[in-house]
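Presented below is the structure to which this report refers.
The values are calculated or read from the model by the stated rules, or taken from the named source; none is laboratory data. Here the structure is a predicted model, which means the values were calculated and not measured. Glycine also receives a Cβ, built like all others from the backbone with ideal geometry; neighbour counts cover every protein chain displayed. For the accessible areas, the whole protein counts, side chains as well, though only heavy atoms, and no ligand, DNA or RNA atoms are used. Shrake-Rupley method; radii C 1.70, N 1.55, O 1.52, S 1.80 Å.
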Amino acid sequence: MDRFVIVDIATSLRKEADYSSIVVVGTDENRRVFLLEAWRGRVPTKHFIEQIFKLGSRWHVRCIYYEDSATQKLIEYALQEHAKETGQYIKVDSVKAGNKQSKEQRVRMIASYFQQGRVYIRESMIEFKKEYQDFPLGKHDDLIDAFAYFPRCARFVYPDPEVDPDEMEMERERFSRRVELDISLRGRSQVTGY
């Protein structure tokens, strides 16, 4: 399973402000999407970064992603510094919204995953569910906004089809016969090729 963190940092701690949010997402070879953890809060940046690394370590994530915008880029340096200080090295990378997409467009694009039953969410993730159900008219949409970036972050890995050893041997024999036939039709020696 490919596991990664997506973060969305809020710029204010006021009661009416957006939340800073963290989602931990896992994807598998069947293109199923698992919301492993969802957290949101109005906390100082230092506490937010500690929470990101706590969740990243808990789930052994491949990467921490943040939105590639001027405001969100401010977190990259803080994440890298925290990694150096604590020795918790997790790759940090930005993710672009793409073609100037609005938040609503991003969320609508992932709706098909929900409709097809490919998104798995624990019953206890009440805040996330409320944001999704109330979108776009809800008061908050921070978790669903972060989650909407998952298609740009996921590395869907497909299993190799199982190869039958007998089928491989038969294919080698067919190839060998074709080469022999080709050489004999040209009137050349099978040993030297001349």
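Answer with yes or no whether T86 is β-branched (V, I, T), open to solvent by 30 Å² or more (accessible area, probe 1.4 Å) and modelled with pLDDT under 85. No: the conditions fail for T86. The condition of being among the aliphatic types (A, V, I, L, M), closer than 14 Å to F150 by Cα and touching a strand residue (DSSP E or B) at 6+ places or on another chain (Cβ under 9 Å) holds for only one of L79, L55, L36, that being L36. Out of curiosity, is L137 modelled with pLDDT of 75 or more and not in a strand (DSSP E or B)? It is true that L137 is modelled with pLDDT of 75 or more and not in a strand (DSSP E or B). Among the residues of segment 6-26, is there at least one that is more than 26 Å from F114 (Cβ to Cβ) and either buried (at least 19 other Cβ atoms within 10 Å of the Cβ) or in contact (Cβ under 8 Å) with a residue 40 or more places away in the chain (or both)? Among the residues of segment 6-26, at least one is more than 26 Å from F114 (Cβ to Cβ) and either buried (at least 19 other Cβ atoms within 10 Å of the Cβ) or in contact (Cβ under 8 Å) with a residue 40 or more places away in the chain (or both), which makes the answer yes. Taking segment 52-101 as the range and being over 21 Å from L35 (Cβ atoms) and of a type in the set (D, E, K, R) as the test, the residues that pass are D68, K73, E76, E81, K84, E85, K96, K100.
Residues that are open to solvent by 50 Å² or more (accessible area, probe 1.4 Å) and within 15 Å of the chain's Cα centre (by Cα) within segment 32-61 comprise R32, W59, H60, listed in sequence order.
Let's see how each residue does on (1) touching a Ser or Thr at 6+ places or on another chain (Cβ under 9 Å); (2) charged (D, E, K, R); (3) not in a strand (DSSP E or B):
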site: I6; (1), (2), (3): yes, no, no
site: A17; (1), (2), (3): yes, no, yes
site: V23; (1), (2), (3): no, no, no
site: E29; (1), (2), (3): no, yes, yes
site: F34; (1), (2), (3): yes, no, no
site: A38; (1), (2), (3): yes, no, no
site: K46; (1), (2), (3): no, yes, yes
site: L55; (1), (2), (3): no, no, yes
site: R58; (1), (2), (3): no, yes, yes
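Being farther than 20 Å from E127 by Cβ, part of a strand (DSSP E or B) and either over 18 Å from the mean Cα position of the chain (by Cα) or of a type in the set (A, V, I, L, M, F, W, C) (or both) narrows it down to one of I75, I64, so name that one. Being farther than 20 Å from E127 by Cβ, part of a strand (DSSP E or B) and either over 18 Å from the mean Cα position of the chain (by Cα) or of a type in the set (A, V, I, L, M, F, W, C) (or both) holds for just one of I75, I64, which is I64.
Residue by residue, here is whether (1) under 18 Å from the mean Cα position of the chain (by Cα); (2) open to solvent by 60 Å² or more (accessible area, probe 1.4 Å) holds:
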| position | (1), (2) |
| --- | --- |
| H82 | no, no |
| K91 | yes, yes |
| R106 | yes, no |
| S112 | yes, no |
| Q115 | no, yes |
| Y120 | yes, yes |
| M125 | no, no |
| L137 | no, yes |
| H140 | no, no |
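When residues in segment 78-92 are screened for being in a helix (DSSP H, G or I), touching a helix residue (DSSP H, G or I) at 6+ places or on another chain (Cβ under 7 Å) and hydrophobic (A, V, I, L, M, F, W, C), 2 of them pass.
Can you say whether Q101 is assigned to a loop (DSSP other than H, G, I, E, B) and touching a residue at least 24 places away in the same chain (Cβ under 8 Å), as far as the supplied structure shows? Step through it out loud before you land on a result.
Numbers: assigned to a loop (DSSP other than H, G, I, E, B): yes; touching a residue at least 24 places away in the same chain (Cβ under 8 Å): no.
It is false that Q101 is assigned to a loop (DSSP other than H, G, I, E, B) and touching a residue at least 24 places away in the same chain (Cβ under 8 Å).
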